Amino acid sequence: MTNGLYLPIVVLLLAAVAFALTPLLLAWLWAKSFSPHKPGPSKNAIYECGLESEGDAWIQFKPGYYLYGIIFLVFDVEAVFLLPFAVAFTGFSLGESIAMLVFLLLLVEGLVWAYQKNVLVWT
Amino acid sequence: MVGEGILKGLAETARNFFGSYVSKERLTTVQYPEQRLPRIEAARSFPFLVYDGSDWQQGMRCVGCQICEKECPPKCILIEKSKDKKPDAVGKQQFYPAVFDIDISVCMSCQICVEVCPFDAIKMDVDVDLPTDNRFAGLLLDKQQLAKSNEYYHGIHPTEAAAVDAALAAERAKAQAKKPAAATPPAAPPSAAPVPEAQPVGGESK
Amino acid sequence: MDEKLKAELSKQGIFTTSLQELYNWGRKSSIWPLNFGLACCAIEMIATTMARYDLARFGAEVFRPSPRQADLMIVAGTVTKKMAPQVVRLYNQMPEPKYVISMGACAISGGPFKQGYNVLKGIDRFIPVDVYIPGCPPRPEALIDAFLMLQKKIDEQQLTGKDRPRHLTAGEASEFIVPLFGAHDLEPTQNPAVWRPPLVQISKAGTDGSGND
Amino acid sequence: MDLETIKSTLEANVPDCRLEVIVNPSPSGQHSLLVDAEHAFAVASFLRSSAGFNYCSNVTGIDWPAKELSEKVKVKKIVDGVETEIDEVSKTMIPGCLEVVYHLFSMSEKIGPLPLRMRTQDRAEGVHLPSLTPVWRSAELQEREVFDLFGVVFDGHPDLRRLLMWDEFEDHPMRRDYVNPDDYEYEPTAHDDVLQRANQHRSTVGER
Amino acid sequence: MSVTAYPTTPPILEPAADGSETQLLEISMGPQHPSTHGVFRMNVVLDGERVVKLKPVFGYLHRNHEKIAENETYLGSMPYTDRLDYICSITNNWAYALAVEKLAGIQVPERAEYLRVITGELTRLQNHASLIGFLLQDMGSSGTPLMYAFRERENILDLFEALTGSRMMCNYMRFGGCRVDTPAGWLEQAQKVVTEFPRFLDEYENLLVGNEILMERTQGIGVLSPELAIDSAISGPMARASGVNYDIRKVDNYSIYSRFSFRVPLGSHGDVYDRYMIRFLEMRESVKILNEAMRDIPAGPIVDPKMRIRGFRPKPGEAYGRIESPKGELGFYLISDGSTNPYRYRVRPPSLINLTVLEDLCLGVNVADVVAILGSIDIVLGEVDR
């Protein structure tokens, strides 16, 4: 009985994935059968405003970028967790709200710490 | 407050956006292939050779003096003088160009050839649709493709054509008047080629 | 799929098309030019994309800065010998199917600057060109005409059979040699695979060429 | 502040510098000051600091190839015993040189262009001239252009590289004796000198 | 020994706070780049996002204008001057015609002078409007200001086409005057365009000037000190934005500019914001000049009749003539040896010389600001590489 309940969701999921993938599949089939694959040294070279690019892009750069990236990631993931919380927000009692608040405050406290260590100051 | 400048800018674009529904002068797009702008009279694209009357061989005003070939800055005109002569509008025997090529892939439409031509034989055309995918044959116009009638010239540059015709008619009248005088004395020296403005007659520029 | 049957059906409100027509229609209505202005013709090209002449009506107002996302290169302006290797390399880096419009006298044959020592006499010495627009600079209407000509050309491309376009035939090269900087000139000065000029009858011009100057 | 006063103040302040006023016959009346290469830097610094020429607007390279001057000279010659005067054409070779002209303006006193000229010894090896970039910063790119197109080597220039041509290029194209590279395969409207070049190309590459 | 010591820009590469030194990334904002106004290349060495070194590379549009001019007659070079600074072709013609008139001592009739001032100032209007559009386009406002600017530019180009025949390559001036007189109704249409221009300017200023993002990105960036400006012979709006009061229309009083009352706007900080705002003010001054010139333009000949078009041979000599082109001081230095071709034909390119200080302005700023600084210098590659 229970699987009957989820069947429509699974079918819908498959339909969605199929709807997304069929054009890609068609394009791939088309490319394989009609347009020949013609790579070349100059075509695969790195594009740098028409010039041959010397040097390498993998260099050590300022740690500031890395820290910015990490802090953004943390808050991005937090937003994902907040999503289900926001959807069922009306049906919550006090306990659940406090739990969610603790989660939020922990992350904000991380941001305040980063701010005091002036990691976010740029130049 | 902070965003006030940005809002003023957005208000400006909004005024233009909603205004375009109301006042037509804010819609400046010209749907080119179907709808064309009225042609501006003095426009110039590439030169063409003017001929009077109907037959383009006989009526061509060009006498192959090669002044435009020398004066053309990018040197894109090629003239081959003919050996024999043909009567021109006044009836005087004049040379005519056997070959008159203009390479419009080099021409910079600067109309210096029109300015220096003493016979008003070459004028600037206005047509625009010239893109081609034939590099070698499509971009070298020969004498036949260049020759266009005086009526066509009146069609595209009315005022300028009228002024040129008035000047030419005056010279032809003067040449006619001088011709009976010239007929009595022995072969009069070839009368100076009619020159509209002040530049010297046929003097080699080098 | 003869035309009469097609016209008859479309009168009844049934629209029939072939895969090739759909493929070509899709490609010709959204040609993305490469943002590649060299000189004065580039300003006329920008004027064509602006309000009055509006290239967006032909689906071509998105000027992509990088060749990876462009499928049309409008060579607008003088191609100098110092710039030629870059132009050919950009052309090589564009994905197939790619087209070239040679806009303006300088891109076709060096134009007014033909006598310069640093000017390449036309880009078709190194890359195949689809449409030439004479003029210095050509008017925006001429550029829109060239677009219509290119769209017609794309429309007539066959997908299979012997006269398939260049990008669909495996043998045709999609990359052309990039000239190197030499001591006195580019090496090589042109690409014989692309540049095959006819023999101009110099003799005829030479008979009394400078005889009576 | 006309040219003579400038010349005299310069000669007073810069010891043993050889200055020469070159008269400009055209109605523009912009006569120029030729200075020898050794004292050019000192003269320029003086002009800049005390004579108030703080705006060097234009640096131009000019190529004067060796010229053969033939002029009629009255020569007394004993011709079959009689002292007669015949004019004989004597050919004197004027050695060529590369010349650099600096157009100087004074922004404060708004004085017109003062062309300052410097000449190299000859057109082959002795093409060294002192660079005036330390005096006027505006000469930096323009001197690089003169080096690129004419071949004048500026000593003391902070970054003397080719400005316009690519670095592997060897000759100096703006000189009068430079010959254009030969790419005359397709010249549909060739006449006069383009015709000669096209024929040369046809002969070198053979009838294709 | 360097005679003048102007404030050098601060050293850039002080070690990072926590002592970790970073590698430098060398890239080239190369010939094909959306923000370089054509084929101009800058070799930029970056530390993270800050510019450490910036070497401009020229020559990608070196079309040998001066070498070709040595084999052309004096008249034959006139259409080539249109292609020098291909946005304002009439001021190039004017500078060349002025230099040849100085070389040969030719007088210009009254009406021709007025026509030159009218067309010259119209060119300045459309050049400044387009420049502001391009500068905003470089700073990311994909097209809206450029659309406004080009809408006005099309009106002015229609005027040029009605007068000279071509939208961008006018080839309008001759030695001793102009080539064509105004067709019927041209002056009225020009007057209509000029009276509408201030309304466009207000619209344009409403759209742009108060914008906080714009002010944030341009104020205090690329500061040019007046001493460095004079020393590097920076001319035109870029110098006046740093407070250098040098406008050749007021200094040389060439043509008939002494008859018009117009002021020369001066900036105080010399940063990108001043250079961009000064163009707005100059456009308003040009509108004033245009109104006065069109009010009292006399009738009369437009070129003195005994002037020969063909076979023009000035006497041997040399001359340096210059005008205030929208980019700066555009000068022509001509040496004549008596034949129909000039012996030496040199163009003083304001765009190239204004780029002398590009590295000084760009040291220590972010890469995105290099684009704004280059946009505010207003270069056109046809004139930079000639």
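Read-outs: derived from the displayed coordinates by stated rules, not from any lab. Quick caveat, the model's predicted, so the values are computed rather than measured. As a convention, Cβ positions derive from the backbone with ideal geometry for all residues, glycine included, and neighbour counts pool all protein chains shown.
Numerical summary
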{"read-out": "Angle between chain B longest axis and helix B:4-22 axis [Cα atoms, degrees, rounded to 10]", "value": "60"}
{"read-out": "Amide N proximity, the range D:104-146 versus D:Arg18 label position 7 Å along Cα-to-Cβ, cut-off under 14 Å", "value": "D:118-122"}
{"read-out": "Efficiency of FRET between C:Arg164 and D:His128 - r from beta-carbon atoms, R0 56 angstrom, step 0.05", "value": "0.35"}
{"read-out": "Least to most buried among E:Thr218, E:Thr340 (fewest other Cβ within 10 Å first)", "value": "E:Thr340, E:Thr218"}
{"read-out": "Long-range amide H partners of E:Ser28 with built H, under 5 Å", "value": "E:Val44"}
{"read-out": "Neighbourhood net charge (15 Å Cβ-Cβ; Lys/Arg +1, Asp/Glu -1) for D:Asp159", "value": "-2"}
{"read-out": "Kirkwood hydrodynamic radius (C-alpha pairs) into Stokes-Einstein, the range D:132-208, 4 °C and 1.567 mPa s, D in µm²/s", "value": "86"}
{"read-out": "Value of D in µm² per second that Stokes-Einstein yields for the protein assembly as shown, Kirkwood Rh from Cα pairs, at 10 °C (1.306 mPa s)", "value": "48"}
{"read-out": "Those GluC sites (Glu not before Pro) in the range B:30-93 that DSSP places in a loop and that have at most 15 other beta carbons within 10 Å", "value": "B:Glu34"}
{"read-out": "Computed Kirkwood radius, in angstrom, where 1/r is averaged over Cα pairs of the range A:7-52", "value": "14.0"}
{"read-out": "Convex hull volume of the range A:63-116 per residue (C-alpha atoms, cubic angstrom)", "value": "63"}
{"read-out": "Range in chain C, longest, excluding exposed GluC sites (Glu not before Pro) [loop by DSSP; at most 15 other beta-carbon atoms within 10 Å]", "value": "C:62-155"}
{"read-out": "For the range B:46-175, diffusion coefficient by Stokes-Einstein and Kirkwood Rh (Cα), 20 °C, 1.002 mPa s, µm²/s", "value": "141"}
{"read-out": "Alpha-carbon centroid distance for the pair the range E:109-173 / the range D:161-186, whole angstrom", "value": "35"}
{"read-out": "Exposure proxy ranking, count of Cβ atoms within 10 Å, fewest first, for E:Arg295, C:Arg164", "value": "E:Arg295, C:Arg164"}
{"read-out": "Sites A:Ala18 and B:His154 - FRET efficiency at Förster radius 60 Å, r taken between beta-carbons, to 0.05", "value": "0.30"}
{"read-out": "Note, ³J(HN,Hα) from phi for the range E:144-155, Karplus 6.51, -1.76, 1.60, rounded to Hz, x at Gly and Pro", "value": "4, x, 5, 4, 4, 5, 6, 5, 6, 4, 4, 4"}
{"read-out": "Positive-pole candidate from C:Pro179, C:Gln151, C:Asn191, dipole of the range C:73-213, charges at beta carbon", "value": "C:Pro179"}
{"read-out": "Bins of 5 Å, starting at 0 and running to the largest distance - Cα pair percent for the range E:35-99", "value": "4, 14, 18, 17, 14, 10, 9, 7, 5, 3, 1"}
{"read-out": "Helical mean residue ellipticity (222 nm; -39500 (n - 2.57) per DSSP H run of 4+; nearest 500) of chain A", "value": "-23000 deg cm²/dmol"}
{"read-out": "Loop GluC sites (Glu not before Pro), the range A:1-93, which have at most 10 other Cβ atoms in a 10 Å radius of their Cβ (DSSP)", "value": "A:Glu54"}
{"read-out": "Nearest 10 degrees, 0 to 90: helix E:89-104 Cα axis against chain E principal axis", "value": "60"}
{"read-out": "Kirkwood estimate for chain D, i.e. one over the average of 1/r between Cα atoms, Å", "value": "20.5"}
{"read-out": "In the range B:29-67, trypsin sites (Lys or Arg not before Pro) in a DSSP loop with at most 16 other beta-carbon atoms within 10 Å", "value": "B:Arg36, B:Arg39"}
{"read-out": "GNM result for chain B, Cα springs below 10 Å: residue of B:Ser23, B:Ser54, B:Ser149 fluctuating most strongly", "value": "B:Ser23"}
{"read-out": "Computed label-point distance, nm, for sites E:Lys192 and A:Ala86 using a 7 Å Cα→Cβ extension", "value": "5.5"}
{"read-out": "Chain B: angle of helix B:158-183 to the longest principal axis, Cα-based, in degrees nearest 10", "value": "10"}
{"read-out": "Neighbour net charge for E:Glu318 - beta-carbon separation under 12 angstrom, K R +1, D E -1", "value": "+3"}
{"read-out": "Cross-link pairs C:Lys121/E:Lys67; B:Lys83/B:Lys123; B:Lys70/C:Lys114; A:Lys117/E:Lys53 - those with Cα-Cα distance over 20 Å", "value": "B:Lys83/B:Lys123; A:Lys117/E:Lys53"}
{"read-out": "For chain C, alpha-carbon Rg over 2.2 N^0.38 Å", "value": "1.19"}
{"read-out": "Between the range D:16-65 and the range A:1-43, the alpha-carbon center distance in angstrom", "value": "76"}
{"read-out": "Neighbourhood charge, 14 Å Cβ-Cβ cut-off, centred on C:Val75 and excluding it, Lys, Arg +1 and Asp, Glu -1", "value": "+2"}
{"read-out": "Helix-derived mean residue ellipticity, 222 nm - over chain E, DSSP H n ≥ 4, -39500 (n - 2.57), to 500", "value": "-13500 deg cm²/dmol"}
{"read-out": "P(r) histogram, all alpha-carbon pairs of chain E included - 20 Å bins from 0, percent", "value": "28, 56, 15, 1"}
